[in-house]
Each structure stands twice: as C-alpha cells, then as structure tokens.
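Read the structure below first, then the notes.
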Amino acid sequence: MRIETDFFGTVEIPAEALYGIQSVRTKENLSFSKNILKDYPDYIQALAMVKKAAAMANYEAKIISLSIKEKIILACNALIDGKYTEHFIVDVYHGGGGIGINMNINEVVANLSNDMNGTYAPVHPIEHVNASQSTADACHTAIRLALVSGYKRLDEEIQYLSQILSRKTVQFMPITTISRTCLQDASRILLGQKFSGFEAVIKRRHQKLQASINELLTINLGGTVIGKGDGASEDYKQIVIKKLQEVTQLPIRRRENLFDAAQNIDDLAEVSKQLCLFATALLKMAKDLRLLSSGPEAGFAEISLPAIQAGSSFFPGKINPVMPETIIQCCSEIIGIERVVQTAFEHGELDLNVFENFAGVHILDGFYMLSNCLKSFTHLCLVGIQANEQRCLELSNTRIPKICDLKDKVGYSEATKLLKQQSLEKWED
C-alpha cells in the first residue's frame with residue numbers, strides 16, 4: 001500500500017494503482033450505481049485525447065516543459081490504445097459536475113507519466129495534466145467526443161437495417177394484402193408498401209440523428225469553468241482546438257459563446273431527442289411486425305418471423321415474436337433516457353450545468369443498448385421475414401376491400417345501401 005494525503009486527511013491506496021486519492025474519495029463517497037468509468041472505453045479514450053491535446057498546447061504556450069509534455073503524451077497514448085482501463089474506478093454518476101472523472105484521468109496520466117511511483121513528481125495531476133483546464137471544459141469536450149465515437153457502431157447498424165428494409169420493400173411489392181385503420185379492415189395494399197413506410201421513417205430519423213451528432217463537434221475547450229477562460233493563457237486558447245483536431249482527426253470547432261456552452265446542454269438534449277424519435281419509430285415498426293405475424297392460425301399471419309428459440313415452457317412448439325419484443329423493451333429504455341437527459345438540461349442553474357456528464361453517459365448507454373439490439377433484430381429477425389402469400393391474398397378479398405371496390409363503381413351512398421340489403425355474393429354478381 002501507499003499513503004496519499006489531501007486537505008481532508010490520508011488514504012491508503014494499493015501500491016500498483018494508477019488512480020489516486022481523489023479517485024478513491026469519489027468512489028467511496030459518491031458511488032451509487034453499477035456504472036463504473038472503466039466500462040466506458042470510448043469516454044476514457046476521449047478524455048485521454050483531451051489531455052494529450054492540452055499538453056501539446058500547454059507546451060507551445062510555454063506552460064509546461066518539453067519533458068513533462070512528452071511524459072503526458074506517452075501516458076495518454078497508452079490510454080488511447082485501450083490500456084489500463086481497470087484503473088478508472090469512479091462511478092460515472094456523481095455530484096460535482098464530473099470532477100471525479102476528471103481527477104481519475106488526471107491521476108492515472110500522472111502516475112503513468114511518473115512510472116507509477118505515487119509521488120506525482122515530476123508530473124502532477126493538477127499542475128501539469130490539468131493545466132489550463134477545468135472539469136467543466138475537459139469533460140464537456142470529452143463526453144462529446146465519446147458520443148461521436150460511440151455513435152459509429154450504431155450508425156453502422158442503422159445503415160444495415162435500412163438496407164434490409166429496402167430489400168424487403170422490393171421483395172414484398174408484388175404481394176397484395178389488406179390495410180387496417182383503427183385496427184379494423186380497410187382497403188387493399190401491397191405488402192411492399194407497408195414495408196416502404198418502415199423504410200422511409202427509419203431513413204428520415206437516421207438523417208436527423210446524424211445531424212444532431214455532427215453538432216457535438218462544437219466544444220468549449222479553453223473556456224475553463226464558466227466560459228471566461230480563467231486559468232488558461234491566450235496562447236493556449238488559440239492553440240488547443242487545433243491540437244485537438246490533430247489528435248482526433250475530427251473537424252472540431254470552438255463554441256461561439258463559451259458562457260452558453262457552460263450553462264446549456266441543449267446539444268446533448270437534441271441528440272437524446274433524435275435518438276428517442278428514432279427509437280419510437282423502431283418501436284412502432286416492431287409492434288407492427290408482431291401483429292402482422294400473429295397466429296399462426298388465429299391471428300393476422302400475413303408474415304412469418306424466423307423461429308430462433310422456443311417461445312413457451314408450457315405450449316409445445318409455440319414460437320413467439322421474441323426479437324420484436326426485445327426491440328420494444330430496448331426502445332422503451334431509450335425513451336426513458338430521453339426524459340433523464342431533458343431533466344439534466346432543466347436542472348442546470350445559473351452559470352454551469354453540473355449534470356452534463358450525467359446526461360452524456362446516459363446517451364452513451366442508449367447507443368450501446370440500441371447497437372446491440374439492432375444487430376440481433378436485423379440479423380435474426382428482419383432478414384428472414386417471409387410473406388404468407390396465400391393468407392395475404394385471402395385477406396385482400398374479404399368484405400371491406402370488396403366494399404371499397406364497389407364504392408369506386410357505384411359511389412359511397414349506394415355501396416352503403418347494398419351493404420345493408422344484399423349479401424357479398426350478390427355484390428360480386
């Protein structure tokens with residue numbers, strides 16, 4: 001063990017630990033969930049990129065020496081490569097605007113820079129790793145970079161989902177079936193037309209979600225706590241965005257009003273809103289697939305979903321729509337996340353929203369859940385959906401579709417009279 005001391009006393013820390021006393025205090029005092037920073041590699045890598053860019057800018061601004069800069073960069077590179085994640089021990093949900101997360105990265109980088117000697121010399125977590133920054137701009141920037149990175153996998157799954165929906169639209173276009181309004185029989189429709197509606201809404205919501213993600217590349221690094229940039233030199237402020245562009249290879253730009261950036265997280269709220277709208281569209285589609293496949297004998301049975309596992313421990317041979325039901329639950333989680341993020345936006349008071357990190361991590365969770373769920377849904381369900389052509393034909397020739405045909409010939413009023421007076425067989429004659 002080693003001993004570290006701060007204003008509040010001393011703490012024993014495992015000798016091999018890269019984290020330090022501030023991380024331990026956050027873990028002991030503020031943990032309440034099972035969501036630990038080590039389980040968010042995108043966030044850790046983004047934090048390391050911010051610290052690396054800051055070190056590069058601080059060196060050029062003559063804030064730190066060449067030796068300190070090089071040590072910090074080596075440590076950050078190791079974290080960017082995915083190493084040492086087990087040393088990120090803080091609960092991602094904690095008070096203080098994310099200070100525990102910022103101190104965890106600062107301490108790990110410092111200890112890596114100092115060959116894990118626990119002395120914080122020559123590299124100090126605050127004086128050097130956190131130089132010219134505060135939690136408010138370092139974590140603000142990193143959570144947005146993490147979201148941009150975390151979205152990539154979801155984006156790939158959405159693109160594949162859209163491709164399969166497009167194929168199904170074409171595949172099912174020759175098949176005539178029945179439409180329904182108010183859950184009651186309506187006119188004839190092509191099965192492919194039903195699927196074209198699914199395809200269109202998914203593509204539209206995907207575009208809107210992508211646009212909201214692009215806005216996250218506008219960040220506040222250099223604004224320090226409330227947007228004034230206190231504690232950061234003018235030279236550093238002029239350099240640091242360019243350095244972050246170099247490190248991330250992303251078209252990052254500084255927020256026009258840094259006071260706004262400190263106070264408001266509406267960009268995160270917009271991502272959450274668009275993610276929620278996407279999930280709502282997906283949920284509606286999953287519900288429709290569940291209805292259209294109901295049966296197989298006493299339901300709609302217009303389509304068949306792939307059978308991937310037993311559906312019941314009681315009914316032999318029963319197959320349930322487990323993938324649509326899984327999607328419905330996942331999307332319900334996303335809808336709940338949207339409310340959490342909106343609440344975090346609402347609770348920002350005065351000059352700093354200290355719940356920004358809370359909102360961002362929830363969105364990361366949403367990306368992760370939806371990526372996993374979409375992959376299973378598309379591969380195990382959507383790809384293998386088949387049309388029951390005979391059933392579709394049967395439904396398309398039931399009473400209401402025929403009434404619609406008759407109305408086109410004799411008018412609405414006359415069709416209504418015939419409906420009351422004659423049998424369907426006589427209409428056909």
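The values are calculated or read from the model by the stated rules, or taken from the named source; none is laboratory data. Keep in mind that this is a model prediction, so the values were computed, not measured. Backbone-built Cβ (ideal geometry, glycine too); neighbour counts: all protein chains shown.
Please specify each residue of segment 93-132 satisfying the condition of being acidic (Asp, Glu), crowded, with 18+ Cβ neighbours inside 10 Å and at positive phi.
none
Among the helices (runs of 4 or more DSSP H) confined wholly to segment 342-429, which include 3 or more residues that are among the β-branched types (Val, Ile, Thr)?
Result: 356-380, 399-410.
On the given criteria, is residue 56 in contact with a Cys (Cβ under 8 Å, 6 or more places away or on another chain) and surrounded by 19 or more Cβ atoms within 10 Å (Cβ to Cβ)?
no
Could you list all residues from segment 1-21 that are hydroxyl-bearing (Ser, Thr, Tyr) and part of a strand (DSSP E or B)?
Hits for segment 1-21 are 5, 10.
Given the residues 181, 169, 218, 177, which is the only one that is more than 30 Å from residue 300 (Cβ to Cβ) and of a type in the set (Ser, Thr, Tyr)?
Sole residue among the options that is more than 30 Å from residue 300 (Cβ to Cβ) and of a type in the set (Ser, Thr, Tyr): 218.
In segment 273-303, what residues are among the β-branched types (Val, Ile, Thr) and assigned to a helix (DSSP H, G or I)?
280, the sole residue that qualifies.
Is it fair to say residue 218 is among the polar types (S, T, N, Q), closer than 24 Å to residue 147 by Cβ and crowded, with 21+ Cβ neighbours inside 10 Å?
It is false that residue 218 is among the polar types (S, T, N, Q), closer than 24 Å to residue 147 by Cβ and crowded, with 21+ Cβ neighbours inside 10 Å.
Any idea which residue in segment 108-126 is farthest from the chain's Cα centre (by Cα), counting only those that are closer than 16 Å to residue 89 by Cβ and assigned to a loop (DSSP other than H, G, I, E, B)?
Among them, the one singled out is 118.
What's the total number of residues in segment 24-49 that are in contact with a strand residue (DSSP E or B) (Cβ under 9 Å, 6 or more places away or on another chain) and either part of a helix (DSSP H, G or I) or among the polar types (S, T, N, Q) (or both)?
Final tally of qualifying residues: 10.
Provide a single number: the residues in segment 98-146 that are free of Cβ contacts under 8 Å to residues at least 60 places away in the same chain and among the aliphatic types (A, V, I, L, M).
Total satisfying the criteria: 3.
List the number of the failed condition for residue 101; all other conditions in (1) under 31 Å from the mean Cα position of the chain (by Cα); (2) more than 22 Å from residue 133 (Cβ to Cβ) hold.
For residue 101, the exception is condition (2).
Residue 259 passes all but one of (1) crowded, with 17+ Cβ neighbours inside 10 Å; (2) assigned to a helix (DSSP H, G or I); which number fails?
(1)
Please state which one of 295, 317 is at pLDDT below 95, of a type outside the set (A, V, I, L, M) and surrounded by 14 or more Cβ atoms within 10 Å (Cβ to Cβ).
On inspection, the qualifying residue turns out to be 295.
For segment 224-243, give me each residue that is surrounded by 15 or more Cβ atoms within 10 Å (Cβ to Cβ) and over 16 Å from residue 134 (Cα atoms).
235, 239, 243
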